[in-house]
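K.L.:
Have a look at the structure that comes next, please.
The values are calculated or read from the model by the stated rules, or taken from the named source; none is laboratory data. Owing to the predicted nature of the structure, the values given are computational and were not obtained by experimental measurement. Glycine also receives a Cβ, built like all others from the backbone with ideal geometry; neighbour counts cover every protein chain displayed. Protein only, heavy atoms only, side chains kept; ligands, DNA and RNA dropped before computing areas. Shrake-Rupley method; radii C 1.70, N 1.55, O 1.52, S 1.80 Å.
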Amino acid sequence: MKDPNFYDKLLFIIVNNDDAKYYKEKNVYADFEAGIYDFTKRLSYITYWDNRGKEMERSLKSADLLSEMIAEFAIKKRKLVSIMPSTSIFIGLLQKKIGRSFRDIRKNDFKEILDVRCN
């Protein structure tokens, strides 16, 4: 997302639960659909990362480590905190961009992907 032209380069495939049959392993994901167009699912991504941050904060406080030992964990915490705004922005961008269904891309022998890769 730091590349100013990343949105123009973005090609995403919308998968749904029917597309799970194309995966060799059964039940790779219990809930296969990302749900970027569904408010509740979008919110669940943000709350997931928020809860991970709170869990990490509680763990650090309860560990009661010396400050020298916490430095490594503080870096990981900063990375985690930076994920939340980026996730929200990224999902919003995906929501605005029109994705192609996996079925359509497969029907065209993945031409859209191959064309992008060759350019």
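K.L.:
Restricting to region 90-113, count the residues that are modelled with pLDDT under 80 and more than 18 Å from the chain's Cα centre (by Cα).
P.N.:
Summing the residues that are modelled with pLDDT under 80 and more than 18 Å from the chain's Cα centre (by Cα) in region 90-113 gives 2.
K.L.:
Same structure again: Considering only region 43-79, state which residues are within 27 Å of ILE91 (Cβ to Cβ) and of a type in the set (Val, Ile, Thr).
P.N.:
Correct list: ILE46, THR47, ILE75.
Quick grid of which residues meet (1) over 15 Å from the mean Cα position of the chain (by Cα); (2) modelled with pLDDT of 75 or more; (3) farther than 30 Å from LEU114 by Cα:
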residue	(1), (2), (3)
LYS2	yes, no, no
ASP8	yes, no, no
LYS21	yes, no, no
ASP31	no, no, no
LYS41	no, yes, yes
LEU66	yes, yes, yes
ALA71	yes, yes, yes
LEU80	no, yes, yes
SER88	no, yes, no
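K.L.:
Which numbered condition in (1) closer than 24 Å to ASP18 by Cβ; (2) in contact with a helix residue (DSSP H, G or I) (Cβ under 8 Å, 6 or more places away or on another chain); (3) open to solvent by 60 Å² or more (accessible area, probe 1.4 Å) is the only one that GLU57 fails?
P.N.:
Among (1) closer than 24 Å to ASP18 by Cβ; (2) in contact with a helix residue (DSSP H, G or I) (Cβ under 8 Å, 6 or more places away or on another chain); (3) open to solvent by 60 Å² or more (accessible area, probe 1.4 Å), GLU57 violates only (1).
K.L.:
Still on this structure: How many residues does region 69-103 hold that are over 21 Å from ILE46 (Cα atoms) and exposed (fewer than 12 other Cβ atoms within 10 Å of the Cβ)?
P.N.:
4
K.L.:
A further question on this structure: Hey, can you tell me all the residues within region 76-99 that are of a type outside the set (Lys, Arg) and without any contact (Cβ under 8 Å) to a residue 40 or more places away in the chain? Let's see the steps before the verdict.
P.N.:
To start, the set of residues in region 76-99 that are of a type outside the set (Lys, Arg) comprises 80-95, 98-99.
Passing the criteria: LEU80, VAL81, SER82, ILE83, MET84, PRO85, GLY92, ILE98.
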